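K.L.:
First the structure, then my questions, so here it is.
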């Protein structure tokens, strides 16, 4: 059923209807549990036209994968889909209360957070306009399609060295330090061994497809540009008391191997619970979270260690 629920009480509420949330909800639905999915319609990869690296779906439109996943999930009559943004989530006895921004409230015995993250890009002119089309963060998702062309890495911090060391497998790489990073001698030697050129002149803007224009006027046409975004997590996990950890790109929810958070009955999956992720990893995490949430309804919920 779709937004036509007859009860505000569910076995599980899944917050987030993208790949991880859909996968989690599918496991619970197939266990014949009453499931509510709350979704704000803001997939993290909505800026990318195609998804890569997900078995059987390689090269398919990202939106089509999500749409088919929702269609298959909603074939189960015990699933309710609620459009909206979850504004709060609190523990209440042996369950949880979730309220939307519009005031609607729902209760469930288990909670699965599949909220994803929000990418925050450095304030370089033209960068955000090309996010997902010629500016990327994941080499495994987008590197192959650059056809071994010229690839730029825009430094945002120490993790950009990791990017620069990886990407020569996909093309000829230039690391633009942009006053955000200064490699030491050992790091410079490692970059040189990988064939990475280092450019210290600051970046003025991104133009054309992915042309890196420096402040001195020089321009470097690139087949694609990679940048490590900072990620912001949903406030729901922290408000519930779930432990967070600081990753190289931002905060993420600490979970165990079964995607259980440190709060009993709360599971977290997808990019919100990973240092970095992909569609394939999100689907896998979601499946585990859904299975674990279901089994906790039978055997009891324990927090992650």
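Where a number appears in this text, it was derived from the coordinates with a stated rule and is not lab data. Predicted model only: the values in this text are computed from it and were never measured. Because the Cβ atoms are built from the backbone with ideal geometry, glycine has one as well, and the counts that use them run over all protein chains shown.
K.L.:
Hey, in the GNM for the chain with a 10 angstrom Cα cutoff, which one of 169, 150, 11 fluctuates hardest?
P.N.:
Maximum fluctuation in the GNM of the chain, among the listed residues, is at 169.
K.L.:
Using the number of other C-beta atoms within 10 angstrom as an exposure proxy, rank 302, 177 with the fewest first.
P.N.:
In order of increasing Cβ crowding within 10 Å: 302, 177.
K.L.:
Right, here's the next one. For segment 25-49 and segment 267-305, compute the distance between their C-alpha centroids and round to whole Å.
P.N.:
Segment 25-49 and segment 267-305 have Cα centres spaced 13 Å from each other.
K.L.:
Same structure, new question: Need one word for segment 177-305: rounded, prolate or oblate. Basis is the Cα gyration tensor (sqrt eigenvalues a ≥ b ≥ c); a/c below 1.5 gives rounded, then a/b vs b/c decides.
P.N.:
prolate
K.L.:
Counting each DSSP H run of 4 or more residues in the chain as -39500 (n - 2.57), what helix-only mean residue ellipticity at 222 nm follows after dividing by all residues, to the nearest 500 deg cm²/dmol?
P.N.:
Theoretical 222 nm ellipticity from helices: -7000 deg cm²/dmol.
K.L.:
Based on the Kirkwood radius over alpha-carbon pairs, what value in µm²/s does the Stokes-Einstein equation return for the translational diffusion coefficient of segment 122-227 at 10 °C and 1.306 mPa s?
P.N.:
118
K.L.:
If you build a Gaussian network model of the chain, linking Cα atoms that sit under 10 Å apart, which residue out of 114, 272, 105 swings the most?
P.N.:
Result: 105 has the largest fluctuation of those listed.
K.L.:
Measure nothing but the geometry: give the 0 to 90° angle between the long axis through the Cα atoms of 19-30 and the longest principal axis through the Cα atoms of the chain, rounded to 10°.
P.N.:
Value to nearest ten degrees: 20.
K.L.:
Would you mind ranking 131, 170 so that the residue whose beta carbon has the fewest other beta carbons within 10 Å leads the list?
P.N.:
The order, fewest Cβ neighbours first, is 131, 170.
K.L.:
So what's the angle, to the nearest 10 degrees on a 0 to 90 scale, between helix 62-73 and the longest Cα principal axis of the chain?
P.N.:
Taking the Cα atoms of the chain, the angle to 62-73 is about 10 degrees.
K.L.:
Compute the acute angle (0 to 90°) between the alpha-carbon long axis of helix 279-299 and the principal axis of greatest extent of the alpha-carbon atoms of the chain; round to the nearest 10°.
P.N.:
Approximately 20 degrees, to the nearest 10.
K.L.:
Quick one: compute a quarter of the convex hull surface over the Cα atoms of segment 200-249 and quote it in nm².
P.N.:
Projected area, direction-averaged: 5.3 nm².
K.L.:
Please identify, among 241, 152, 93, the residue showing maximal mean-square fluctuation in a Gaussian network model of the chain using a 10 angstrom Cα cutoff.
P.N.:
Highest fluctuation of the listed residues: 93.
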